[in-house]
1. Taking a ≥ b ≥ c as the square roots of the Cα gyration tensor eigenvalues, with a/c under 1.5 meaning rounded and otherwise prolate when a/b beats b/c, else oblate, which class fits the chain?
2. List, in the order given, every pair from 298/353; 188/330; 304/343 whose Cα-Cα distance in the structure shown is over 19 Å.
3. Label 7 Å along Cα→Cβ of residue 168; the stretch 119-150 residues with amide nitrogen under 18 Å?
4. Could you work out how much longer the chain between residue 248 and residue 344 gets when fully extended? Use 0.36 nm per residue separation minus the Cα distance between them, nm to one decimal.
5. Could you check what % of the DSSP bridge pairs in the stretch 42-368 are antiparallel, to the nearest 5?
6. Suppose each label sits 7 Å from its Cα in the direction of the beta carbon; what would the residue 129-residue 208 distance come out to in nanometres?
7. What's log10 of I(q)/I(0) for the stretch 255-359 at q = 0.12, 0.21 Å⁻¹, Debye sum over Cα points only, no solvent?
8. Please give the per residue accessible area of the chain, computed with a probe of 1.4 Å over protein heavy atoms only, in Å².
Amino acid sequence: MIPACLRGLCTCFDVDDDKANNHEQEPTMAADDDQTASTIIAHRTVELSTGVRLHVAEAGAAAAAGAPAVLLLHGFPELWYTWRHQMRALAAAGYRAVAPDLRGYGGSDAPPARGDDDDDDPAAQYTALHVVGDLVALLDALGESQVFVAAHDWGALVAWSLCLFRPDRVRALVALSVAYTPRSAARKPVDGLRALFGDDYYICRIQEPGEIEAEFARLGTELVLKKFFSYRSPGALFFPKSGWGSPDDEVPLPSWVTEEDLKYYTSMFEKTGFTGGLNYYRALNKTWELTSPWTLAKINVPVKFIIGDLDLTYHNPGIQDFIHKGGFKKFVPLLDDDIIVMKDVGHFINEEKPNEVSEHIINFIKKFG
């Protein structure tokens, strides 16, 4: 999860045969009656020029067949798997759907500290520049000079950075949940969030390495995921120092998460832990330091924006006015005027309303050929 009000921030390919042939980490999903070879989700590991290996899920025709590619970027605590419904819909519509586990997640590498001028801080390897570097290298490896992008939560924040740094690689973007807000020189993003919400605000609590990992370990991976997936309050999220509840809490699964879905997410985060994803939050201030040249910069690619009215990101102070009263359009001039606010929908919008989101994505990107 990531707030939509980070005004202080934004605002040669080799397949590793050992990993590519190891599919134990992938879920076994029941095949639909109308599933064809083109909609089967395949998996491989791609070694990038950045030195990072990404696990990549793919569906649809390859670039050689002329299919336009759609890059799908997940958030926290998610994986490529959050896009499983859209991947099949996109493949059936004639697109090549590509969904990586971002660095630090799932079957992809989680770069550690380098031990040099990063002061042994592993989060320094998770700035927007590092993650966008992975994506550009992935596109090169896949033979895609330009792609459509659909992105949710942290993936949306990464996608905004991709559009900012390399607009030449993006044909159009469908952003879910997190609006673009330009980088401000006034204050570092974490400092601003702490001033606004206090020390127990979840992003502030995440900053100390190991602290929130210990809290998640106390609760257990499955319960932590249930708490995230079931969160539908429009209010801010807090991790009190007294604890984010009890290990004995009973949290029912939302209707859109099956036991099979939960089992897959749980198995992957139990293998990797949450640190890789948490490092994105810990790198927020570092990204702010590195992106000074893009202060108040505009996004110059076509964009469609979709959000749920119960999404916590839609209820940050001032964000609705920013989205609907001209601020968003000012900094994203090619923003589609039909902003979609889905009624009674929470944060994990692409999983909660998979068919509707797939339809919105396809209807938007098909305008561009």
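The values are calculated or read from the model by the stated rules, or taken from the named source; none is laboratory data. From a predicted model like this one, the values you see are computed outputs, not experimental measurements. Every residue, glycine among them, receives a Cβ derived from its backbone with ideal geometry; neighbour counts consider all protein chains shown. Heads up: the accessible areas ignore ligands, DNA and RNA and are worked out on the full protein's heavy atoms, side chains in. Shrake-Rupley method; radii C 1.70, N 1.55, O 1.52, S 1.80 Å.
1. Rounded, since a/c falls under 1.5.
2. Long pairs (Cα-Cα over 19 Å): 298/353; 188/330.
3. 132-148
4. 31.7 nm
5. Expressed as a percentage, antiparallel bridges in the stretch 42-368 total about 35.
6. Taking the simple label geometry, residue 129 and residue 208 are separated by 3.0 nm.
7. Treating every Cα as an identical point scatterer, log10 I(q)/I(0) equals -0.63, -1.23.
8. Solvent-accessible surface per residue comes out at 39 Å².
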